[in-house]
1. Among the listed residues THR156, THR113, THR121, identify the single one that is under 19 Å from MET292 (Cβ atoms), of a type in the set (Ser, Thr, Tyr) and in contact with a Gly (Cβ under 9 Å, 6 or more places away or on another chain).
2. Might you let me know whether segment 134-150 holds any residue that is at negative phi and free of Cβ contacts under 8 Å to residues at least 40 places away in the same chain?
3. Can you find even one residue in segment 242-252 that is farther than 29 Å from ARG152 by Cβ, in a loop (DSSP other than H, G, I, E, B) and not polar (S, T, N, Q)?
4. Can you name the residue in segment 41-61 that is among the small types (Gly, Ala, Ser) and more than 17 Å from ALA141 (Cα to Cα) and, of all such residues, is nearest to the chain's Cα centre (by Cα)?
5. If you scan segment 118-157, which residues turn out to be hydroxyl-bearing (Ser, Thr, Tyr), modelled with pLDDT of 95 or more and assigned to a strand (DSSP E or B)?
6. Restricting the search to segment 62-87, which residues are of a type in the set (A, V, I, L, M, F, W, C), under 18 Å from ASP274 (Cβ atoms) and either in a loop (DSSP other than H, G, I, E, B) or more than 21 Å from the chain's Cα centre (by Cα) (or both)?
7. Just give me the residues in segment 223-245 being crowded, with 22+ Cβ neighbours inside 10 Å and closer than 19 Å to GLN182 by Cα, in sequence order.
8. Go through (1) hydrophobic (A, V, I, L, M, F, W, C); (2) modelled with pLDDT of 95 or more; (3) in contact with an Asp or Glu (Cβ under 9 Å, 6 or more places away or on another chain) and name the single condition PHE221 misses.
Amino acid sequence: MRTAPFTRLPLVVAIAGMIALGTAGCGAQSLAEADGTNAGPAAAAMPVPADEPAKAVIEAVTADASLTAKLSDELRTNGITWTTSVGYPPMEKWGADGKDVIGVDAAIAQAITRKLGTGMTIQDQEFNSMIPGLISGRYDALISSMTDNAERQKTTTFVDYVKAGNAFLVVARNPQHIAEPQDLCGKTVAVVASGSSAALAEQYSARCAAAGSPAYDILKFEGDSEANLAVQSGRAVATITDYPVAEDRAADPANKVAAVKIEGDESLWGIGIDNSDADFAALVQKALQAIMDDGSYGKILDAYHVGGMAIESATINGGK
């Protein structure tokens, strides 16, 4: 686990590079250096957790040598450090051992990494700390049900991988008969601070005020789990989350919640990479498109019963 920002080009490597350039001629590069054949061996693939529903699909993904050769030496030999925010099933959740991260996002990260022909780690992090982690260099990529939008694109490049709409989560049997955003005017709504749910709550609240009704009483939390607990405990009437996640939670009777789909436009979710790593973002896009084309992507989504989230092509910064 990297505990501090790291330099992508260590001094020793930089010196060695200058020596190599000196022996090859001004700016010259051998064919072997250009195609990566002199690079060290690629990192071994991370084992797929035994309780990963898409385990067989992930393990069947084969590396594309042309993509592997284009990875930086560091990513090829040390692997990709992914980050996610666990606690958003079926997208991100803990495995049976309480240590392995599984879910749609982890499975797609595994498949992309295997297509790139290197290894990986995936680390749990607070949602609001992931983009700063990319900026500092602590993480190479994030995949955590993050909406691709213009504000985030100022610092982060997004490789779009699924689409999703939204839903309210309310207590089981929906005793207050919440059916649409206007039904929550004057009521308490729990959201994740800085997440897309917070922006939606503000938007719906403004509609209430414009119609002469009381605004939402918005409670902001650091994570999705805390927002859900606010609903379960009666502190909030509803929370706003993504529709597939809402359905997954409502399907478990132990959660004692119900999902209410919000009609409206779906948004793209993206794999985040720092804007300084445009070449890496392009490789991730190609790897994602490859698993879309060979059917692995669709099988992963189907393993989690969210095939409706599929998109046809991997775009970069397609969110608005």
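1. Only one candidate qualifies: THR113.
2. No; the residues of segment 134-150 include none that is at negative phi and free of Cβ contacts under 8 Å to residues at least 40 places away in the same chain.
3. Yes, segment 242-252 contains a residue that is farther than 29 Å from ARG152 by Cβ, in a loop (DSSP other than H, G, I, E, B) and not polar (S, T, N, Q).
4. Across segment 41-61, the extreme among qualifying residues is ALA54.
5. THR121, THR156, THR157
6. Selection gives LEU71 alone.
7. Passing the criteria: VAL231, ALA236, VAL237, ALA238, THR239, ILE240, THR241, ASP242.
8. Unmet for PHE221, out of (1) hydrophobic (A, V, I, L, M, F, W, C); (2) modelled with pLDDT of 95 or more; (3) in contact with an Asp or Glu (Cβ under 9 Å, 6 or more places away or on another chain): (3).
The values are calculated or read from the model by the stated rules, or taken from the named source; none is laboratory data. Note that the structure is predicted; figures quoted are calculated from it, not measured. Cβ atoms come from the backbone with ideal geometry, glycine included; neighbour counts cover every protein chain shown.
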